[in-house]
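Here is the structure we will look at.
We did not get these values from a lab; they are worked out from the coordinates using the rules stated. This structure is a prediction, so every number in the text was calculated from the model and none was measured. For neighbour counting, all protein chains shown are included, and Cβ atoms are generated from backbone atoms with ideal geometry for every residue, glycine included.
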Amino acid sequence: MRNIIKVYLGMDVHEQSIALACYIDFELAPRFQKTIVNSKEAIKKEFEKISALGEIHCCYEAGFSGYHLYRYINSLGYDCKVIAPSLIPQKAGDKVKNDKRDAKKLSELLRANLLTMVNVPSVEAEQDRALIRLRGQIRKDLIRAKHRITKSLSLKGLSFNGTNWTLAHRQYLKNLKLEGLEKIVLDEYLTNLSYLESRLKDIEAEIKKLAFTDKYKTKVNALNCFRGISTLTSMTLLTEIKQIQNSPDKLMSYFGLTPSEHSSGQNTYKGKITKQGNARLRHIIIEAAWHYVRSPKISPAQTKKFAGQDKEITLIAIKALKRLNKRFYNLAVRKDRNVAIVAVARELVGFIWAAMVKIEGKYI
């Protein structure tokens, strides 16, 4: 039987060009290094040439280019991988960086099987995630719009005696008597704010509609059993986590909630969390964790969520309610409250993992 010759191709992708570096099996030097135009025609033509050398295995770093290149290359019949940039091994003394060297390093590490692959979502899952991320972007724009209004009024010596963005505060803004250009500026800010609030409401309605389709309904109802997790939070979790990990520790690591460690010999030191994970997930799970500071009594609203739910899921949510509240106060006595809540968030991820495993063993 003839041995299959393998071609390892590293690609450093840019908007207009792609730098390529190619190794054949275990040759010591790269067979070639070149730069091609970043277009489907050029890629197809180049890969047809390279395929004459052997079976192509290629990769590029996840980034601005998304997954369309991955999908296109695989549709041509070649093996393509997307690499997690933050997990690429780095040499401490390597201070020279350019496109050719980056492509060469990728091809070398791909051959040595030292790269961490990104789990690429389906087109449909990516579209769902884009809708959830759009909501987050609009919320940020909304916060900025509110800040512009309050700061611009502060510059004029105007401030509201009370809590901002209540009904009373909005009526105060409406009744302000400004003239000339100042009135134009404020009216424009308020119009922009009104538009963003309207768009946010529409997007959230679309997300809730998506949440109760057959694809997500069972998982959303299960996650909603946990205190601090709403339908919108559930959808963020389900779309950002591409698949369930085979252990809660790995899922905690994906959230970036694993403590850093520097241990040697008899000395053991664990420090702050690594934050080497999904920042969106980390943000929302820490927000959810703050809800466990309250008394662990089951509210009428939560009892309603339990109705019709699987008994095991309900028991996991109740156990989380009691344990995480106790965990917070045990830690808050001797540590900063923010440190304690991060520990609670990490354990909450473990309970979520257990609930999802009970449902079907994976998220998507």
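Between Thr274 and Tyr72, the simple spin-label model (points 7 angstrom out along Cα→Cβ) gives 3.3 nm. 3J(HN,Hα) along the stretch 126-135, derived from phi through the Karplus expression 6.51 cos²θ - 1.76 cosθ + 1.60 where θ = phi - 60°, amounts to 5, 5, 4, 5, 4, 5, 5, 5, 4, 4 Hz, with x in place of Gly and Pro. Of the peptides 82-93, 174-185, the order by per-residue mean of other Cβ atoms within 10 Å, starting with the highest, comes out as 82-93, 174-185. Taking the alpha-carbon centroid of each part, what is the distance from the stretch 1-60 to the stretch 294-364 in angstrom? First find each Cα centre; the distance between them is then 48 Å.
Principal-axis analysis of the Cα atoms of the chain puts helix 180-211 at an angle of about 70° to the longest axis. One chain, two ends: Met117 and Leu176. Fully extended at 0.36 nm per residue, the span grows by 15.6 nm beyond their Cα-Cα distance. A DSSP coil position with no more than 15 other Cβ atoms inside 10 Å describes the following trypsin sites (Lys or Arg not before Pro) in the stretch 214-260: Lys215.
Treating only the Cβ of Lys, Arg, Asp and Glu as charged (+1, +1, -1, -1), what charge dipole size does the chain show about its Cα centre? Round to the nearest 20 debye.
It comes to approximately 1460 debye.
Report summary: the helix-based calculation at 222 nm, which adds -39500 (n - 2.57) for every DSSP H run with n ≥ 4 and divides by the residues of the chain, gives -17000 deg cm²/dmol.
Between the alpha-carbon centres of the stretch 114-156 and the stretch 170-190 there is a gap of 28 Å. Legend: distances between Cα atoms for Lys217/Lys326; Lys97/Lys270; Lys215/Lys304; pairs beyond 24 Å are Lys217/Lys326; Lys97/Lys270. Here the simple spin-label model places points 7 Å from the Cα toward Cβ, and for Ser17 and Thr303 these points are separated by 6.9 nm. As a proxy for reagent exposure, ranking Phe255, Phe328 by other Cβ atoms within 10 Å from fewest up yields Phe328, Phe255.
Restricting the calculation to Cα atoms, the stretch 217-359 yields a radius of gyration followed by a Dmax of 15.4, 53 Å. Simple spin-label estimate for Ser198 and Trp290 gives 3.0 nm between the two label positions (7 Å along the Cα-to-Cβ direction from each Cα). Among 67-76, 34-43, 284-293, 11-20, sorting by the average number of other beta carbon atoms lying within 10 angstrom of each residue, highest first, gives 284-293, 11-20, 67-76, 34-43. Which entry is the computed volume of the Cα convex hull per residue in Å³ for this structure: [x] 214; [y] 251; [z] 131? Checked against the structure: label [y].
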